[in-house]
1. Of these, S168, S201, which one is in contact (Cβ under 8 Å) with a residue 12 or more places away in the chain, more than 12 Å from the ligand (Cβ to nearest atom) and in a loop (DSSP other than H, G, I, E, B)?
2. Quick one: in region 62-108, which of the residues that are in contact with an Asp or Glu (Cβ under 7 Å, 6 or more places away or on another chain) and of a type in the set (D, E, K, R) is nearest to the ligand (Cβ to nearest atom)?
3. Let me spell it out: the conditions are (1) among the charged types (D, E, K, R); (2) loosely packed, with under 15 Cβ neighbours inside 10 Å; (3) in a loop (DSSP other than H, G, I, E, B), and D156 meets all of them except one. Which number is the exception?
4. Looking for something in contact (Cβ under 8 Å) with a residue 60 or more places away in the chain, touching a Leu at 6+ places or on another chain (Cβ under 8 Å) and either under 24 Å from A106 (Cβ atoms) or surrounded by 18 or more Cβ atoms within 10 Å (Cβ to Cβ) (or both) - is there at least one such residue anywhere in region 177-195?
5. Run down K144, K140 and say which single residue is in a helix (DSSP H, G or I) and loosely packed, with under 14 Cβ neighbours inside 10 Å.
6. Pull out all pairs, ordered by first then second residue, where Cβ-Cβ is under 9 Å, the residues are six or more apart or on different chains, the first lies in region 75-92 and is modelled with pLDDT of 95 or more, and the second is more than 9 Å from the ligand (Cβ to nearest atom) and in a helix (DSSP H, G or I).
7. Which one is farthest from V44 (Cα to Cα) among residues in region 109-131 that are within 14 Å of the ligand (Cβ to nearest atom) and of a type in the set (A, V, I, L, M, F, W, C)?
Amino acid sequence: MGSPERDIMRIGQIDVVYSSHLKGGGETFGQDFVRFISEYHHPVDRLLEWCSGPGFIGFALLTHGLCRELDLLDINPEAIAACDETIRRNHLTNVRASVSDCFDSAPKVAWNLIVANPPHSGTDEDWGGLKLIYQDPDWKIHQKFYRQVRSFLAPDGLIIMQENALLSQASDFVSMIEHSGLRVVDNLFAQSDDPMYYLVSAPAQ
Ligand SMILES: C[S@@+](CC[C@H](N)C(=O)[O-])C[C@H]1O[C@@H](n2cnc3c(N)ncnc32)[C@H](O)[C@@H]1O
């Protein structure tokens with residue numbers, strides 16, 4: 001069996017390598033992160049895209065000057081292999097991609113900003129395709145993320161999750177966030193054709 005077919009999406013100055021079965025919306029509604037962070041926050045030193053897939057969002061934020069260093073984390077080794085190919089192809093020296101289930105194998109970094117377009121369905125309903133992309137039954141992955149994230153976030157750091165308003169609402173996540181010593185800062189609609197919203201959280205103190 002050969003390696004899966006790869007495609008390229010040019011984002012700013014970066015050729016992002018991907019395979020179509022790894023796409024999770026970062027290439028479409030995920031690109032609204034560039035507008036949102038430009039308006040809502042400021043460029044940061046250290047950015048993490050969690051649940052990165054091929055890194056459409058992280059690479060977009062990097063090429064638009066919204067971070068100096070970029071980390072990409074995903075549980076799927078195939079997604080991280082695509083990120084590594086993008087890093088090589090574009091000679092990027094300030095990007096690192098790691099396979100990790102949430103933060104289990106994450107580098108020890110206190111990120112200034114963590115963004116994610118995580119699996120959006122809290123059920124085990126089968127929609128076809130790669131379940132890793134969309135399934136988070138009983139929000140177990142979100143729970144693990146929020147349980148672990150505090151020690152990987154700078155004291156003035158921010159977490160911005162992009163969620164789907166047809167599949168969840170902020171109240172599904174509030175208690176996970178508050179149990180982790182974080183607080184909800186904002187809940188704002190994205191500007192996209194899909195009904196996406198941003199859930200922004202930060203250390204409680
Ligand atoms: C909705 S897709 C987003 C992919 C990409 N960021 C995009 O926007 O196209 C969700 C991603 O979460 C990853 N994922 C699922 N469970 C995970 C876990 N426990 N830890 C890290 N990544 C996970 C999947 O492999 C998939 O790449």
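1. None of the others qualify; the one that does is S168.
2. R96
3. (3)
4. No, region 177-195 contains no residue that is in contact (Cβ under 8 Å) with a residue 60 or more places away in the chain, touching a Leu at 6+ places or on another chain (Cβ under 8 Å) and either under 24 Å from A106 (Cβ atoms) or surrounded by 18 or more Cβ atoms within 10 Å (Cβ to Cβ) (or both).
5. Exactly one residue qualifies, and that residue is K140.
6. E78/H21; C83/F59; T86/F59; N90/F59; L92/F59; L92/L62; L92/T86
7. W127
So that you can scan it fast, the table gives a plain yes or no per residue for (1) at pLDDT 95 or above; (2) of a type in the set (S, T, Y); (3) crowded, with 19+ Cβ neighbours inside 10 Å:
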| position | (1), (2), (3) |
| --- | --- |
| L22 | yes, no, yes |
| L66 | yes, no, yes |
| L72 | yes, no, yes |
| V95 | yes, no, yes |
| D101 | yes, no, no |
| L113 | yes, no, yes |
| Y134 | yes, yes, yes |
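The values are calculated or read from the model by the stated rules, or taken from the named source; none is laboratory data. All values reported here derive from a predicted model rather than from experimental measurement. Note: ideal-geometry Cβ built from the backbone for every residue, glycine included; neighbour counts use all protein chains shown.
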